[in-house]
Amino acid sequence: MKAVFNSSPIIFLTKLGIIKAASNLFDRIDIPSLVYSEIRRKPDASAEAVKDLIQGRRVSVLKAENERFVNALGRRLGKGEAETIALAIETGADLAILDDHAARVEAMRLGLSVKGTLGIIRRLMEIGAFVPDLEELFINLKAMGFRIRAELFWEIFSGIDQKR
């Protein structure tokens, strides 16, 4: 399975300490060059994690070829989101990994399958690769600046067995 990641899922998954586990969910991960530049601008754990994943050949950094399309999307979305969507289309990715609501809506409108940070976390929980206390996870994500309504958070994680 191929995925193209935007920056915020990489940042939040890194802060939660599960970026490597998340990378194992995919056969191939691409990061748009604009997203890589954005992550590298702030030398922190996310920048180090991406560097390690690139060196370990788990992640490739690619530039979307259709700059006009990226620029058109960029009028309504952030640059990273725009290139994530364009690259996902160009590479035939199975998933675009985006958190921004407007970007997710646009990606789906363009025929892409979309997951976000919480979808990745849920999948890791389903396979037993991450076993958090959901109350604590919600509090931690909010403290990190992750924006989610409590109702939606609990809807996403409904049916998850907490007794692993």
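Here, each number is a calculation from the coordinates, and none is a lab measurement. No experiment lies behind these values; they were computed from the predicted model shown. Neighbour counts run over all protein chains shown; Cβ positions are idealised from the backbone, glycine included.
Just need a number here: residues in the range 15-42 that are free of Cβ contacts under 8 Å to residues at least 12 places away in the same chain and part of a helix (DSSP H, G or I).
Counting residues in the range 15-42 that are free of Cβ contacts under 8 Å to residues at least 12 places away in the same chain and part of a helix (DSSP H, G or I) gives 3.
Return yes when Phe153 is within 24 Å of Leu73 (Cβ to Cβ) and either of a type in the set (Phe, Trp, Tyr) or surrounded by fewer than 18 Cβ atoms within 10 Å (Cβ to Cβ) (or both) and no when it is not.
Taking the combined requirement at face value, the residue does not satisfy it.
Each row is one residue, and each column tells you yes or no for (1) loosely packed, with under 15 Cβ neighbours inside 10 Å; (2) charged (D, E, K, R); (3) farther than 23 Å from Leu73 by Cβ; (4) in contact with a strand residue (DSSP E or B) (Cβ under 8 Å, 6 or more places away or on another chain).
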| site | (1), (2), (3), (4) |
| --- | --- |
| Ile89 | no, no, no, no |
| Ala93 | no, no, no, yes |
| Ala102 | yes, no, no, no |
| Met108 | yes, no, no, yes |
| Ser113 | yes, no, no, yes |
| Glu126 | yes, yes, yes, no |
| Ala143 | yes, no, yes, no |
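I'd like the full set of residues that are within 15 Å of the chain's Cα centre (by Cα), of a type in the set (Asp, Glu) and under 27 Å from Glu126 (Cα atoms), limited to the range 28-52.
Selection gives Asp30 alone.
Which of the residues belonging to the range 25-47 are loosely packed, with under 14 Cβ neighbours inside 10 Å and closer than 11 Å to Met1 by Cα?
Scanning the range 25-47 gives a single hit, Asp27.
Taking Gly92 as the residue in question, decide whether it is under 19 Å from the mean Cα position of the chain (by Cα), in contact (Cβ under 8 Å) with a residue 12 or more places away in the chain and at positive phi.
Yes: the conditions hold for Gly92.
Restricting attention to the range 117-124, does a residue exist that is in contact (Cβ under 8 Å) with a residue 24 or more places away in the chain and either over 24 Å from Ala102 (Cα atoms) or outside any helix (DSSP H, G or I) (or both)?
Yes, there is a match, as at least one residue in the range 117-124 is in contact (Cβ under 8 Å) with a residue 24 or more places away in the chain and either over 24 Å from Ala102 (Cα atoms) or outside any helix (DSSP H, G or I) (or both).
Hey, among Phe138, Phe130, which residue is farther than 18 Å from Met1 by Cα and touching a residue at least 40 places away in the same chain (Cβ under 8 Å)?
The conditions single out Phe130.
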